[in-house]
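Take this structure first; my questions come after.
No lab work stands behind these numbers, since they all come straight from the coordinates. All values derive from a computational prediction rather than experimental measurement. Virtual Cβ from ideal backbone geometry, glycine too; neighbours counted across all protein chains shown.
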Amino acid sequence: MAQDYIDALPEGASVALAYNADTALLEFGGKKLIQVMDAGNLISAKLKFDIPVDEYSGEEIDLAVLGIGFKAQIGFNEVATPFSSEKHTQKLTRSTKEDYSFLGTVPDEGTTLGISDIVRAKDIMVFATGAERADAVHDMLYGRDDSTVPAAFLQIPPNVTVFIDEEAASKL
């Protein structure tokens, strides 16, 4: 279903992509990829981005494809990131570093699109798998949309589709 939606986007559509194990399986051929986050080129080394996060200057995003962190982070937007945040450099928490440890050594900070950048996308897809993401998925859908749960801001835009497996849905 997610791949069908991506395939239906017109040639050259802008897709903001947060690299994770789930989104890595999707094909984005012919789409303009905007990088959501980067920590020391660990993420950009996996995919070629048309617009690296460091060069993002507010262009319209047709589709944002995100994963969700153990603490309901989106991108590198940690707990206490305000809704009004735009592209910024973020000090990474231990939890976020653990989320991305599969990439190798994760630095102490990373650059990310802010929450306001992400929620302005025309469409948003969020992927979550595994029981370790169940609390985060619950908080994204039912938590207060304030800075204590960054993913809860995804309750605001009307254009969010969530793809989860049975384990990630276990607390719903």
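What does the charge add up to near Val149, with Lys and Arg as +1, Asp and Glu as -1, over the other residues with Cβ less than 13 Å from its Cβ?
Here the count lands on -3.
Let me ask something else. Please give the charge dipole size of the stretch 2-164, origin at the Cα centre, charges +1 on K and R Cβ atoms and -1 on D and E Cβ atoms. Round to the nearest 20 debye.
240
While we're looking at this one, here's another question. I need the shape label for the chain. Rule: rounded when a/c is under 1.5, else prolate if a/b > b/c, else oblate, with a, b, c from the alpha carbon gyration tensor.
rounded
Which chymotrypsin sites (Phe, Trp or Tyr not before Pro) in the stretch 75-172 sit in a loop by DSSP (not H, G, I, E or B) and have at most 16 other Cβ atoms within 10 Å of their own Cβ?
Of the chymotrypsin sites (Phe, Trp or Tyr not before Pro), the ones in loops of the stretch 75-172 whose Cβ has at most 16 other Cβ atoms within 10 Å are Phe83.
Go ahead and set up a Gaussian network model of the chain, Cα springs under 10 Å, then flag whichever of Ala151, Ala13, Ala128 fluctuates most.
Residue with maximal mean-square fluctuation among Ala151, Ala13, Ala128: Ala13.
On to the next question. Could you list the trypsin sites (Lys or Arg not before Pro) in the stretch 42-115 that lie in coil according to DSSP, counting only those with at most 15 other Cβ atoms within 10 Å of their Cβ?
Listed in order of number, the matching sites are Lys46, Lys48.
Give me a comma-separated list of calculated 3J(HN,Hα) values for the stretch 112-124, in order, Karplus coefficients 6.51, -1.76, 1.60 applied at θ = phi - 60°, integers in Hz, x for any Gly or Pro.
8, 5, x, 4, 5, 4, 5, 6, 7, 4, 4, 9, 9
Starting at the first residue of the stretch 82-95, write each ³J(HN,Hα) from the Karplus equation 6.51 cos²θ - 1.76 cosθ + 1.60 with θ = phi - 60°, in whole Hz, x for Gly and Pro.
x, 4, 6, 5, 10, 3, 7, 9, 10, 6, 8, 7, 4, 4
Let me ask something additional. Only counting other Cβ atoms within 10 Å, I'd like Val149, Val119, Val53 sorted with the fewest neighbours first.
Starting with the residue having the fewest Cβ neighbours, the order is Val119, Val149, Val53.
Moving to a separate point now. Would you mind calculating the relative contact order of the stretch 1-148 from Cα pairs under 8 angstrom and at least 6 residues apart, reporting the percent as a whole number?
Rounded, it is 26 percent for the stretch 1-148.
Rank the residues Ser57, Ser84, Ser14, Ser116 as a footprinting-exposure proxy: fewest other Cβ atoms within 10 Å of their Cβ go first.
Least crowded to most crowded, the residues run Ser57, Ser84, Ser116, Ser14.
Hey, fewest Cβ within 10 Å first, where do Ser170, Ser147 land in order?
Starting with the residue having the fewest Cβ neighbours, the order is Ser170, Ser147.
Averaging sequence separations of C-alpha pairs under 8 Å and six or more residues apart, then dividing by the length of the stretch 85-128, give the relative contact order as a whole percent.
Relative contact order of the stretch 85-128: 49 percent.
Next up: Using modelled backbone amide H atoms (1.01 Å from N, in-plane), which distant-in-sequence or interchain residues come within less than 5 Å of Leu92's amide H?
Here Glu109, Gly110 satisfy the definition.
Then there's this: Which residue, Gly67, Gly110, Gly75, tops the fluctuation ranking in a GNM of the chain built on C-alpha contacts under 10 Å?
So, out of Gly67, Gly110, Gly75, the one fluctuating most is Gly110.
Tell me which residues come under 5 Å, amide H to amide H, from Ala72 once H is placed; ignore anything under 5 positions away on its chain.
none
Taking springs between alpha-carbon atoms closer than 10 angstrom, which of Ile74, Ile34, Ile156 fluctuates most in the Gaussian network model of the chain?
Ranking Ile74, Ile34, Ile156 by mean-square fluctuation puts Ile156 first.
Taking H as built 1.01 Å from N, whose amide H comes closer than 5 Å to the amide H of Phe163, not counting residues under 5 places away?
Val126, Phe127, Ala128
Excluding same-chain residues fewer than 8 positions from Lys48, which lysines have a Cα within less than 20 Å of its Cα?
Lys31, Lys32, Lys87
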